Amino acid sequence: MTRRAARAVCLCAAAWGAVPAAHAQAQAQAQALAAASAPTAWLELQLVGGVLPPAQRLITVLKGDALRLRIRSDAAGELHLHAYRLSVALQAGQPAELTFTAHASGRFRFEWHAAPAQRPVPPADHHAAPLAVLEVRPR
Amino acid sequence: MSGTRPPVRRWQAVIALPGLAAAPCALAHGFDERYDLPVPLSYVVIAACAAVGLSFVAAAVFARPAKPAGPARPPRWGLEVGVPPGVLRATRTAAGLLFVLTIAAALAGSSDPLMNLAPTLVWIVWWLGGVFVAALLCNLWPALDPWRSSFEVLDALARRGGRPAGLALGWRWPAWLGMWPATALLLAWCWLEVVHPLASSPFKLGCAALLWSMVNLAGMVAFGRATWQAHADVFALVFSTLGRMAPLRLRLPGDAPPPVQATAGQVGFVMAMLSTVVFDGLHGGAAWNAFEPLLRAATATAWLDTNGHFLGTLGLVSVWAAFLLAYAATLRISLAMLRPAFPARALAAQLAITLVPIAAAYNVAHNFSGLFIQGQAVLPLLSDPFGWQWDLFGTARWHPDIGLVDAKLTWRVAVAAIVLGHAAAIWWSHRVVLSAGVPPRRAAWGLLPLTLLMLAYTALSLVLIAEPMVLPQGPWPTAARTIGLCSPMVPT
């Protein structure tokens with residue numbers, strides 16, 4: 001009995017190891033495919049006082065979509081998409097670009113971190129309303 | 001400034017993240033973020049239909065006198081797995097070391113919950129992972145429990161040192177108290193997890209763990225290890241209760257099987273297991289936006305609530321009380337219809353246990369992606385438990401793959417778990433009633449009220465994962481919720 005259980009545990013452990021590897025491969029393929037086929041979606045974001053107009057606070061795309069964000073802000077700071085580990089630094093009035101493929105589905109938050117000079121004390125609350133929400137729907 | 005930026009480097013994360021630590025957790029847990037998309041309506045409709053259909057199939061199957069009535073004891077299943085003393089010693093030593101490391105990291109390590117091992121290990125790996133493993137595979141906690149092993153080591157030393165009775169003072173646990181202390185502690189634990197921002201402070205978490213260690217060991221000394229763990233040790237009790245539905249059971253040397261007789265407060269405890277997960281879903285999701293004003297209006301106590309904790313606490317307790325009252329009332333009707341051959345109280349406690357699959361299912365539905373996405377963070381954190389830029393195992397720079405669990409997979413797992421949990425609860429309750437000597441036809445009719453209540457719980461869990469009540473109160477307008485980009489596009 002114990003031996004059978006041990007074998008089952010070993011099998012599970014092997015499967016556990018194999019899943020992420022297989023997944024990473026599949027994901028790389030999907031990304032390559034998306035990069036080759038999906039048209040790049042252009043998105044213009046204009047921050048005023050660290051906020052976006054209400055209509056731009058939800059960005060909904062499909063998994064695999066290529067995104068190209070052109071961002072402009074009236075104040076310096078950094079825009080983060082923490083889950084995707086993306087960030088872009090902005091100078092006041094100068095446009096910056098953020099290009100990426102929406103490879104993971106889910107609901108993710110864009111955060112705005114004002115540059116120290118502009119930052120009110122205490123620092124921005126991550127659980128307050130995010131700058132925008134990116135919803136990546138599965139295909 | 002143009003083109004793709006490389007991923008945030010570690011030092012940048014260090015600079016950017018302390019904001020998280022200071023954030024009061026108004027939504028979700030203190031330090032992790034849920035990436036879940038709401039489950040689409042079609043999944044919910046299909047699951048609800050499946051649940052209703054399964055309930056009727058179950059009723060029809062069990063109404064036939066196919067099963068002879070068994071002896072009046074709850075059915076038990078699961079393969080028993082013996083644990084050799086050597087393996088047990090190894091697992092307990094490893095768990096003990098990990099426990100010490102976690103406490104040390106919590107107290108001395110980084111105050112940033114994402115850079116410190118303690119929050120992820122406690123809330124995600126141990127608590128969520130423990131619940132998953134205990135319900136779906138086997139309750140491993142008795143082989144790991146650092147409090148239990150430290151008590152047993154001290155106990156053995158005391159015996160060797162000339163106290164033949166060991167450490168335990170052998171106080172009697174009052175029968176009326178039953179499992180109520182564990183119930184209160186479970187609600188308190190959920191409060192820490194969901195309402196209070198303690199989760200986001202490793203230091204406070206470490207203090208809470210030390211405090212609980214003292215209480216836990218004192219309780220074991222006063223009442224004896226087994227008595228204490230069966231009535232007040234909330235973690236041992238949660239894992240052992242979930243372990244009753246697991247396919248495997250550990251058999252440790254000198255361990256007694258879980259008590260068969262009714263314990264006061266057992267129904268309250270199982271209801272707390274159910275309601276705390278429901279409350280977590282409610283509080284973490286957009287549904288809380290709809291629920292909170294209701295609660296506020298009903299209590300007219302806005303002036304009491306300076307930080308949102310009061311309403312959170314009230315919500316937590318009232319969801320539990322509502323679950324308990326609904327269950328108690330339904331159970332009365334069912335018991336009156338069932339007329340079991342042995343005391344109704346014993347049957348009531350056994351029937352309460354049959355709701356455990358629903359609690360486990362809702363846990364799976366609610367936390368599946370969290371466990372597998374946030375849980376990955378434990379790999380880099382084990383290499384750098386204190387957040388001091390160590391790299392013990394070479395995994396410190398490894399980053400969680402947020403695409404590991406696709407949203408579609410999460411939806412399917414969530415919906416399947418809820419339907420299967422519902423079916424398992426119905427099957428189990430029929431088995432319990434049939435073994436209590438109730439004739440099959442009467443069992444099917446008598447369980448109808450309870451089956452309807454389970455359907456209500458199932459519907460509620462489905463509604464909560466589907467978040468149909470996303471209100472424009474949130475930071476984004478519902479009108480913008482369309483597939484495709486909802487902002488002016490610039491042609492390339």
Task: Residue-wise HN-Hα coupling along the range B:409-416, computed from phi with Karplus coefficients 6.51, -1.76, 1.60 (Hz; x: Gly, Pro) - done: 5, 4, 4, 5, 4, 4, 5, 5
Open item on the list: Order B:241-252, B:220-231 from most to least packed using the mean count of other Cβ atoms within 10 Å.
Closed with: B:220-231, B:241-252
- [ ] Calculate I(q)/I(0) for the range B:325-422 by the Debye formula, one identical point scatterer on each C-alpha and no solvent, and give its log10 at q = 0.17, 0.23 Å⁻¹ to two decimals.
- [x] -0.83, -1.07
TODO: Please report the base-10 log of the normalised intensity I(q)/I(0) for the range B:88-207, using a Debye sum with one equal scatterer per alpha carbon and no solvent, at each q in 0.16, 0.18, 0.23 (1/Å).
DONE: -1.01, -1.16, -1.29
Open item on the list: Taking loop as defined by DSSP and a crowding limit of 11 other beta carbons within 10 Å, which trypsin sites (Lys or Arg not before Pro) in the range B:323-428 fit?
Closed with: B:Arg397
Open item on the list: At 7 Å along Cα-to-Cβ for each site, give me the label-to-label distance between B:Asp391 and B:Ala226 in nm.
Closed with: 5.1
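Mind checking the mean number of beta-carbon atoms from other chains within 10 Å of the Cβ atoms in B:435-442?
0
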Open item on the list: Step by step: find N for the range B:390-468, compute 2.2 N^0.38 Å, then divide the Cα radius of gyration by it. What's the final number?
Closed with: 1.78
Open item on the list: Averaged over its residues, how many other protein chain Cβ atoms are within 10 Å of peptide A:74-84's Cβ atoms?
Closed with: 3
- [ ] Take every residue in peptide B:399-411, count the Cβ atoms of other chains within 10 Å of its Cβ, and give the average of those counts.
- [x] 6
Open item on the list: With equal scatterers on the alpha carbons only and no solvent term, can you work out the Debye log10 of I(q)/I(0) for the range B:137-203 at 0.19, 0.24, 0.27 1/Å?
Closed with: -1.03, -1.04, -1.06
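Bear in mind that the values in this text are calculations on the coordinates, not laboratory data. Model, not experiment: these values are computed from the prediction. No Cβ is skipped: glycine too gets one built from the backbone with ideal geometry, and neighbour counts run over all protein chains shown.
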